[in-house]
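Trainee: Sharing a structure here in structure tokens format.
All of the numbers you see were taken from the coordinates with simple rules; none came from a lab. None of these values were measured; they are calculated from a predicted model. We place every Cβ from the backbone using ideal geometry, glycine too, and count neighbours over all the protein chains shown.
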Amino acid sequence: MKKKLTFLGIETSCDETAASVVQENSDGTAKVLSNVISSQIKEHKKFGGVVPEIAARSHVENIDFIIKRALDKSRKKIKDLDGVASTTGPGLVVCLHVGYNIGKSIATFGKISFVPINHLEGHALSPSIENKISFPYLLLLVSGGHSQYIIVRGLNNYKQIGTTIDDAVGEAFDKTAKILNLGYPGGPCVEKFSKLGNKNSFVLPQPIINRGGCNMSFAGLKTDVLRKSKNIKSDQDKYNLAASFQETINKILRKKTEIAMLEFRQKTSNNSTSPFVVAGGVAANETIRKNLKDLSKKMNFKPIFPSKEFCGDNAAMIAWAGIQRYKKKLFNKKSEIVRSRWPLDSKAPFLKGPGLKL
Ligand code: KG4
Ligand code: ZN
């Protein structure tokens, strides 16, 4: 019988210290033997956002313990592994170095392969941990730093068709939570308090909704939340504004996803039911899941969302991406560079900054 590959994954790109042991299944999905995540919410809460030096110190303090726990839980030893995969970008460089250094050291001393992984590729492939998905598929990646529509033609074959020209969706959630003083981390707090509000009470802007293809913009929306927050008088007003913000995000995502789906059909000449994969921390939002599931039905796409434990940052998605790159020999020493910026589609235009015309 063919040996099933087993990898240790390590993730330290931002404020989660995570390690996981993953084994491939014969049907193209993965068996997650352990998935250990230590969140630094408490450390960053008082600052209302991630402080890089504090995050890096916390990774250093925790990483060896987290890796040991992931190995113990999986009942595997380093000698049982085929390789180690660490996130090497994009993210906070001081944080990425922690995961890279320990991953590389374990691989070197264990005489096994080391595979550097793009964090965005980890998210992009995360739904295939639990679902057998065939290429090509349309991906909406929505996290704290990225909002992108990508045609995934295969491993290492990504075509970006839309992106945000300013803030990421997760960033808009985080800033809205901060403006309204709803708590940290922002996204889940906005979702929670929106349940207490009326989503139709405030009319908020939907920037570039009728232009720019499936590119997106959220900065103007956030600024309007700030403006309107100055006139709110009660907690109920606050919940109404949060709910209206979330509803506006849903309207923007629905319209832009519809455009992306049409573009996907055109570019892939595929008219049968195609997979539509939503990944990243924001994919955990129930209202967004429902909204995009409804749209997929209308547009003849099969919606696929990762389980919530694989939406936010985790190391199982990094180990899983490592296994896939290892199988296709898509890794080498030269790519072992820790980088703050690392687009999935290297040919995609950079759509931020002044003078941009859409
Ligand atoms: O993928 P992720 O864990 O980290 C990055 O790679 O950025 O995404 C984190 C982002 C944060 O902005 C967080 O507020 C957002 O995902 N998020 C949510 C929800 N859960 C996490 N946004 C909206 N609703 C949620 N339930
Ligand atoms: Zn992420």
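Trainee: Taking the Cα centre of the range 1-121 as the origin, how large is its charge dipole in debye, to the nearest 20, when only Lys and Arg (+1) and Asp and Glu (-1) carry charge on their Cβ atoms?
Mentor: Dipole of the range 1-121, to the nearest 20 debye: 520 debye.
Trainee: Enumerate the amide H contacts of residue 31 below 5 Å, restricted to partners 5 or more residues apart or on another chain; note that Pro and chain-start residues carry no placed amide H.
Mentor: HN-HN under 5 Å from residue 31: 23, 24, 25.
Trainee: Mind giving me the FRET efficiency for residue 46 and residue 290? R0 is 25 Å, r the Cβ-Cβ distance, nearest 0.05 is fine.
Mentor: Plugging the Cβ-Cβ distance into 1/(1 + (r/R0)^6) gives 0.15.
Trainee: Using just the alpha carbons, could you tell me how many Å³ per residue the convex hull of the range 27-98 encloses?
Mentor: Taking only Cα atoms, the range 27-98 has a hull volume of 128 Å³ per residue.
Trainee: How would you classify the range 93-149 from its alpha-carbon gyration tensor, with a ≥ b ≥ c the square roots of the eigenvalues: rounded for a/c under 1.5, else prolate if a/b is greater than b/c, otherwise oblate?
Mentor: Values: a/c = 3.74, a/b = 1.63, b/c = 2.30.
Oblate, since a/c reaches 1.5 and b/c is not below a/b.
Trainee: Give, in nm to one decimal, the length gained when the segment between residue 25 and residue 271 is fully stretched (0.36 nm per residue of separation minus the Cα-Cα distance).
Mentor: Numbers: separation 246, 0.36 × 246 = 88.56 nm, distance 2.98 nm.
Going from the current span to full extension adds 85.6 nm.
Trainee: For the range 70-168, what is the percent of antiparallel DSSP beta bridges, rounded to the nearest 5?
Mentor: Roughly 65 percent of the DSSP beta bridges within the range 70-168 come out antiparallel.
Trainee: Of all beta bridges DSSP finds with both residues in the chain, what is the antiparallel percent, to the nearest 5? Please report the intermediate quantities before stating the final value.
Mentor: On the way: 27 of 46 bridges.
The antiparallel proportion sits near 60 percent.
Trainee: In addition: Excluding residue 58 itself, calculate the net charge of residues whose Cβ lies under 11 Å from the Cβ of residue 58, where each Lys or Arg counts +1 and each Asp or Glu counts -1.
Mentor: -3
Trainee: Please name which of 52, 179, 271 has its Cα lying farthest along the dipole of the chain towards the positive end, using unit charges on Cβ (Lys, Arg +1; Asp, Glu -1) and the Cα centre as origin.
Mentor: Among 52, 179, 271, the one farthest towards the positive end of the dipole of the chain is 271.
Trainee: Moving on. From the backbone phi of the range 253-267, what are the Karplus-calculated ³J(HN,Hα) couplings (6.51 cos²θ - 1.76 cosθ + 1.60, θ = phi - 60°) in whole Hz, Gly and Pro given as x?
Mentor: So the J values, rounded to whole Hz, are 5, 5, 5, 5, 5, 4, 4, 5, 5, 5, 5, 4, 4, 5, 6.
Trainee: Turning to a different aspect of this structure: Using the Kirkwood radius built from alpha carbon pairs, what does the Stokes-Einstein equation give as D for the chain at 20 °C and 1.002 mPa s, in µm² per second? Provide the component values of the computation, followed by the final result.
Mentor: Working: Rh = 20.9 Å.
Translational D for this selection: 103 µm²/s.
Trainee: Kirkwood Rh, the range 129-272, all Cα pairs: how many Å?
Mentor: By the Kirkwood definition, the hydrodynamic radius is 16.2 Å.
Trainee: Oh, and also: Quick check: pseudo-label points 7 Å beyond the Cα along Cα→Cβ at residue 132 and residue 227, how many nm apart are they?
Mentor: 5.3
Trainee: Can you return the aspartates and glutamates within cross-link range of residue 45? Criterion is Cα-Cα under 19 Å, with same-chain partners fewer than 8 residues away left out.
Mentor: Reachable aspartates and glutamates: 15, 16, 53, 61, 171, 174, 191, 313.
Trainee: Any chance you could run the full-extension gain for residue 347 through residue 262? It's 0.36 nm times the residue separation minus the Cα-Cα distance, nm to one decimal.
Mentor: This chain segment gains 28.5 nm when fully extended.
Trainee: Modelling each spin label as a point 7 Å along the Cα-to-Cβ direction, I'd like the residue 337/residue 200 distance in nm, to one decimal.
Mentor: Modelled inter-label distance: 5.4 nm.
Trainee: If R₀ is 41 angstrom, what is the calculated FRET efficiency for the pair residue 357 and residue 65, using the beta carbon separation as r and rounding to 0.05?
Mentor: Between residue 357 and residue 65 the formula returns 0.20.
Trainee: Can you tell me the convex hull volume per residue for the range 1-151, based on C-alpha atoms, in Å³ to the nearest whole number?
Mentor: It is 114 Å³ per residue.
Trainee: With N residues in the range 290-357, what two-decimal value do you get for its Cα radius of gyration over 2.2 N^0.38 Å? Show your work: numbers first, answer last.
Mentor: Details: Rg = 17.4 Å, N = 68, 2.2 N^0.38 = 10.9 Å.
For the range 290-357, the normalised Cα radius of gyration is 1.59.
Trainee: Whole number please: convex hull volume per residue of the Cα set in the range 128-207, in Å³?
Mentor: Roughly 148 Å³ of hull volume per residue.
Trainee: Going down the list 302/357; 31/68; 111/333; 46/222, which pairs span over 25 Å between their C-alpha atoms? Provide the component values of the computation, followed by the final result.
Mentor: Working: 302/357 33 Å; 31/68 19 Å; 111/333 15 Å; 46/222 21 Å.
Checking Cα-Cα distances, 302/357 exceed 25 Å.
Trainee: Taking the chain as a Gaussian network, where each spring joins two C-alpha atoms under 10 Å apart, which residue of 340, 39, 269 fluctuates the most?
Mentor: Residue with maximal mean-square fluctuation among 340, 39, 269: 269.
Trainee: For an R0 of 25 angstrom, estimate the FRET efficiency from the Cβ-Cβ distance between residue 210 and residue 300 and round to the nearest 0.05.
Mentor: 0.55
Trainee: Could you check how many percent of all C-alpha pairs in the range 231-305 are farther apart than 16 Å?
Mentor: When all Cα pairs of the range 231-305 are counted, 55 percent exceed 16 Å.
Trainee: Suppose every Lys and Arg Cβ carries +1 and every Asp and Glu Cβ carries -1, with no other charges. What dipole size does the chain come out with about its Cα centre, to the nearest 20 debye?
Mentor: With Lys and Arg at +1 and Asp and Glu at -1, about 700 debye.
Trainee: Which one, 134, 281, 84, projects farthest toward the positive side of the charge dipole computed for the chain from Cβ point charges (K/R +1, D/E -1)?
Mentor: Ranked along the dipole, the leading option is 134.
Trainee: Net charge around residue 243, counting only other residues with Cβ within less than 9 Å of its Cβ (Lys, Arg = +1; Asp, Glu = -1)?
Mentor: My count for the surroundings of residue 243 gives +1.
Trainee: Work through the residues other than residue 106 whose Cβ is under 15 Å from its Cβ and net out their charges, Lys, Arg +1 and Asp, Glu -1.
Mentor: +1
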